[in-house]
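This report refers to the structure that appears directly beneath it.
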Amino acid sequence: MDQVSVLRGPQATTQGRNAIGGAITLNSKAPTQYWDAAVRGGYESAGSKGVFAGMVSGPIIKDELAFRLTADGTRGDSYIRYPGKGWPFDPSEISQTSVRGKLLWTPKVLPRLSVTLMGWHREQHGEYLYTANGPDLFRYRFDNPDMNTRVSDSSIDQASLRASYKISSALTNELTYGHVWYDAAFTQSDYLGSANSLGHLRLTEQNNTVEDRLVLAPEHSRFNGVAGFYYFNRDQNIRSDMGVNGPDSERTYAGYVDGTLHLIAGLNLIAGARVSVKNSSETLPCHGVRSLSTRERRCFCPRAD
């Protein structure tokens, strides 16, 4: 990560839904115009896990086109012990991989333009719930015959294009497009492999995000602001033998404006508005499955209706 920002107070105007109490934004590092590389490795004795990571960054066309490639992963077993021989899967397996690539184009013929193309693949296999029970919780054993655990087989692929054009010294236009392919599955069982404990669920999703914003930030000015348009669509399908099945779709359109007027003695006047229109067709949400879009993360949980 290059920057982590904690935005206090309501951020729904510029960050969208689920940001009424604030937002945390993460910016990953950009490709460099010089060669840079790093590697990291480690070993965890609890569960016997190996961790690894690597990065390489550098120019493709000097001062015009650069790339950055990163990868990290974990391989091994959980620190929780799973006794019993009736498991239909290996509950202690842990396998996680993440690969991300970035291209940064800053054309000399258009010095005010900056374009970033990013691709990201992440997958996870194995242990999904981390639960220990028994009279001594610090033994880290899963030994309750009446409790189920789950393993996952999930992947996320994401591609995004971000273009920034500096119209003037005070005004910048930023355009973002992102597409996500999401495939999540889990299997559950108890350690006896009982028929009534077995369950399977698979969720597939594709979503698109388009956002265009104008950012006004004059130097030495008492006023700065942002105005933009946002569009999001999602098509999702759930298949399971746990009573939750069917398609789910959503379309969201939004326009927003936000500005800050710097008064005196550190006093600021902030005003903003966001108008959002949502069309959706939903199935019953299901426990433990998460959907990740370019800007928004949602968690589906059981509900009373």
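We did not get these values from a lab; they are worked out from the coordinates using the rules stated. Only a predicted model underlies this, so the values are computations on that prediction, with no experimental measurement involved. Backbone-built Cβ (ideal geometry, glycine too); neighbour counts: all protein chains shown.
Straight-distance candidates among the aspartates and glutamates for linking to Lys108, with alpha-carbon spacing under 20 Å and chain neighbours fewer than 8 residues away dropped: Asp63, Glu64, Glu174. Springs join every pair of Cα atoms under 10 Å in this Gaussian network model of the chain, and among Arg100, Arg112, Arg202 the largest mean-square fluctuation is at Arg112.
Here Cα Rg over 2.2 N^0.38 Å was calculated from the structure, and among [x] 1.01; [y] 1.21; [z] 1.78 it sits at label [y].
In the elastic network of the chain, a GNM with C-alpha springs shorter than 10 Å, the most mobile of Thr13, Thr187, Thr260 is Thr260.
In the structure shown, the pairs Lys102/Lys278; Lys166/Lys278; Lys29/Lys278; Lys102/Lys166 are assessed against 26 Å; a Cα-Cα span above that value is assigned to Lys102/Lys278; Lys166/Lys278; Lys29/Lys278.
With loop membership from DSSP and a limit of 14 other Cβ atoms within 10 Å, the longest segment of the chain without GluC sites (Glu not before Pro) is 65-218.
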